[in-house]
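Inspection log for the structure reproduced underneath, given as structure tokens.
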Amino acid sequence: MSTTSRALRLLDLLQARRYWAGEELAGRLGVTTRTVRRDVDRLRELGYRVDAHRGSGGGYSLASGSGLPPMLFTDGEAIAIAVGLGTAASANTVTGLDELAVSALAKVEQVLPPVLRRRVNAFRVATVPSTPRSGAEADREVLAVVAMACRDRERLRLSYTSAQGEQTRRQVEPASLVPRGRRWYLVCWDLDRGDWRTLRVDRITAATQTGLRFAPRELPVEDAAEFVDQRFGVPRPDHTARVVIDAPLETAAAYLGGWVRNLEADGERTAWTISDARLEVLAAALVWLPWPFHVVGCPELVTLLEQIGARFVAAAPPVTSGTPSS
């Protein structure tokens, strides 16, 4: 691993957790603690504030700074950030976020290479934003506090308004934030009720950090998204297909961007696992692929693609041979 690559890996680790012991970082990076100290100094030269903690088992933590230091993104990450900001600008799900997203998007697009900028613009042109609907918006400060508590496994005290308008105080162990439709939901363990709860973030009027850490509890289902879906009766995916794309994994991942998951290498090609309750949604996702592909394990989707293809061919104007008349 090169010096630059190792420094970036170190930065990833410091951003992922509040505190790391020096020996633990050295083990993760496969170097000595002395090399870790030198890499920390390199990050400081780039503008990152890294605090060193002395004493037995000393370590490092990434401090918040007054300015934003230089950042490096892969092509796929840059596209994902730009598209995500564009989506946030039109979502209107968090108070004041639309104006901030527009401002941030303008800055990101200024530094995108021309090829990536064209891809982002193509996505924007081809996408129809949802029509804004009335409804409460989550406070961005509350959302930020809750998100940090989920990451750091820190208990929170919440002021919450129920659907009936009742004001309550909650002590919770936050697990995950889940966006659904135009709302954000907090999946958490309610200490007073001794059970898992799903709270709408726009109904949280105050969120106070306690500084008390907790050991993560096991959810009654596979993940928080499934917990929210079951809570609100969202249908689970009925159709799953494995799509083998005639393109290497790096190429496909960079083109599709960070919003696409479940990609893996299949030799020199890419396998993409897609699921949804509606076959039409799966077919629509495949329209974006610029490479040949074939579908494995979902004959219903293959049949639908054949029907859609036939309709497209029938709708296309016939190609005439010869020189067109003037």
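The values are calculated or read from the model by the stated rules, or taken from the named source; none is laboratory data. Please read these numbers as outputs of a predicted model, since none were measured by experiment. Note that each Cβ is placed from the backbone with ideal geometry, even for glycine, and that neighbours are counted across all protein chains shown.
Assigned to a loop (DSSP other than H, G, I, E, B) and modelled with pLDDT of 90 or more: is that true of TRP291 in this structure?
The answer is yes for TRP291.
Step by step: first the residues of the stretch 251-270, then only those that are part of a helix (DSSP H, G or I) and at pLDDT 85 or above, then the one that is farthest from HIS239 (Cα to Cα). Which residue is that?
This residue is THR251.
Scan the stretch 34-50 for residues that are closer than 10 Å to LEU14 by Cβ and outside any helix (DSSP H, G or I) and jot them down.
Hits for the stretch 34-50 are TYR48, VAL50.
Has the stretch 200-209 got at least one residue that is of a type in the set (Lys, Arg), under 23 Å from the mean Cα position of the chain (by Cα) and assigned to a strand (DSSP E or B)?
Yes; the residues of the stretch 200-209 include at least one that is of a type in the set (Lys, Arg), under 23 Å from the mean Cα position of the chain (by Cα) and assigned to a strand (DSSP E or B).
Among the numbered conditions (1) modelled with pLDDT under 75; (2) surrounded by fewer than 17 Cβ atoms within 10 Å (Cβ to Cβ); (3) in a helix (DSSP H, G or I); (4) of a type in the set (Gly, Ala, Ser), tell me where ALA101 comes up short.
(2)
I'm told SER64 meets every condition in (1) polar (S, T, N, Q); (2) surrounded by fewer than 16 Cβ atoms within 10 Å (Cβ to Cβ); (3) at pLDDT 85 or above except one. Can you identify the failing condition by its number?
Among (1) polar (S, T, N, Q); (2) surrounded by fewer than 16 Cβ atoms within 10 Å (Cβ to Cβ); (3) at pLDDT 85 or above, the lone unmet condition for SER64 is (3).
So which residues in the stretch 1-40 are among the small types (Gly, Ala, Ser), under 21 Å from ARG153 (Cα atoms) and out of contact with any strand residue (DSSP E or B) (no Cβ under 6 Å at 6 or more places or on another chain)?
Matches in the stretch 1-40: ALA16 only.
Tell me whether the stretch 125-143 contains one or more residues that are at pLDDT 85 or above, buried (at least 16 other Cβ atoms within 10 Å of the Cβ) and within 23 Å of the chain's Cα centre (by Cα).
yes
Of everything in the stretch 177-193, what is modelled with pLDDT of 90 or more, more than 14 Å from PHE214 (Cβ to Cβ) and surrounded by fewer than 19 Cβ atoms within 10 Å (Cβ to Cβ)? Give them in sequence order.
ASP192, ARG193 - these are the residues of the stretch 177-193 that are modelled with pLDDT of 90 or more, more than 14 Å from PHE214 (Cβ to Cβ) and surrounded by fewer than 19 Cβ atoms within 10 Å (Cβ to Cβ).
Looking at ALA21, ALA26, ALA52, which is the one that is more than 21 Å from ARG151 (Cα to Cα) and either of a type in the set (Phe, Trp, Tyr) or surrounded by 14 or more Cβ atoms within 10 Å (Cβ to Cβ) (or both)?
ALA26
Kindly check whether there is at least one residue in the stretch 271-280 that is of a type outside the set (D, E, K, R), over 17 Å from LEU305 (Cα atoms) and either modelled with pLDDT of 85 or more or buried (at least 17 other Cβ atoms within 10 Å of the Cβ) (or both).
yes
Can VAL302 be described as β-branched (Val, Ile, Thr), surrounded by 11 or more Cβ atoms within 10 Å (Cβ to Cβ) and modelled with pLDDT of 90 or more?
Yes: the conditions hold for VAL302.
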